[in-house]
Amino acid sequence: MKSYDTGSKRSPIPPELDGYLDKLKHKTSLFGSWNKRYFRVNVNNECLEYFSNKPANTSVMANASIKLSDLKVIRKFDSNSFQLDAGVGGVYLLRTDSQAQFTCWFNGLDRYIKDKKECERVNEAYNATQKEIFEIKHDRK
């Protein structure tokens, strides 16, 4: 089953994920350090947000957010860690507390990235077809 809508313009449906993950702090030292942060996928804004703590309400501003459309690839780092490449948005190394949590986050984001690439391919094919139809209609006149 594909997780995108059935209209002419297709886009992937963001995964519903939230919870605490460890984020590797920007290397201020030779080895860096891990900070526990609350992450959530904001399905309305289609971005991955993180906070110092779980926000009490939706009006709390995130420390930072990563546009889901910027996600290029997700790589497994070890059994509980993964790397998110957001292109110009940066590279994030994240660690989960358990294998189950890792599976949810990794599979959810990986599926989104793969579906996004498939949607881009389908949209390009659709646009090319629409262009051909337009040209045929206008050549007949």
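The values are calculated or read from the model by the stated rules, or taken from the named source; none is laboratory data. Note that the coordinates shown come from a computational prediction; the quantities given were computed from them, not determined experimentally. Counting neighbours? That spans all protein chains shown, and the Cβs are built from the backbone with ideal geometry, glycine included. Keep in mind that these areas ignore ligands, DNA and RNA; they rest on the heavy atoms of the full protein, side chains included. Shrake-Rupley method; radii C 1.70, N 1.55, O 1.52, S 1.80 Å.
With respect to being in contact (Cβ under 8 Å) with a residue 60 or more places away in the chain, surrounded by 12 or more Cβ atoms within 10 Å (Cβ to Cβ), among the hydrophobic types (A, V, I, L, M, F, W, C) and outside any helix (DSSP H, G or I), residue 84 falls outside the description. Per the listing 71, 21, the residue uniquely of a type in the set (A, V, I, L, M, F, W, C) and at pLDDT below 95 is 71. Report yes if residue 117 is in contact with a Gly (Cβ under 7 Å, 6 or more places away or on another chain) and at negative phi, otherwise no. Criteria not met by residue 117. Evaluate the following for residue 76: is it under 13 Å from residue 92 (Cα atoms), open to solvent by 50 Å² or more (accessible area, probe 1.4 Å) and of a type in the set (Lys, Arg)? Against the criterion (under 13 Å from residue 92 (Cα atoms), open to solvent by 50 Å² or more (accessible area, probe 1.4 Å) and of a type in the set (Lys, Arg)), residue 76 qualifies.
Close Cβ contacts (under 9 Å, 6 or more residues apart or on different chains) running from residues in region 124-135 that are within 14 Å of residue 11 (Cα to Cα) to residues that are open to solvent by 100 Å² or more (accessible area, probe 1.4 Å) and not in a helix (DSSP H, G or I) comprise 126/9.
From the list 7, 32, the one residue that fits, being surrounded by fewer than 18 Cβ atoms within 10 Å (Cβ to Cβ), touching a His at 6+ places or on another chain (Cβ under 9 Å) and modelled with pLDDT under 95, is 32.
Residues that are under 19 Å from residue 112 (Cβ atoms) and in contact with a Pro (Cβ under 8 Å, 6 or more places away or on another chain) do not occur anywhere in region 74-95.
Here residue 74 meets each of (1) touching an Asp or Glu at 6+ places or on another chain (Cβ under 6 Å); (2) in a loop (DSSP other than H, G, I, E, B) with one exception, condition (2).
Mind counting the residues in region 90-137 that are open to solvent by less than 90 Å² (accessible area, probe 1.4 Å) and either modelled with pLDDT under 80 or not in a helix (DSSP H, G or I) (or both)? Residues in region 90-137 being open to solvent by less than 90 Å² (accessible area, probe 1.4 Å) and either modelled with pLDDT under 80 or not in a helix (DSSP H, G or I) (or both): 18 in total.
Could you go through region 38-47 and let me know if any residue there is in contact with a Phe, Trp or Tyr (Cβ under 7 Å, 6 or more places away or on another chain), assigned to a loop (DSSP other than H, G, I, E, B), modelled with pLDDT of 85 or more and open to solvent by 20 Å² or more (accessible area, probe 1.4 Å). No, every residue in region 38-47 fails to be in contact with a Phe, Trp or Tyr (Cβ under 7 Å, 6 or more places away or on another chain), assigned to a loop (DSSP other than H, G, I, E, B), modelled with pLDDT of 85 or more and open to solvent by 20 Å² or more (accessible area, probe 1.4 Å).
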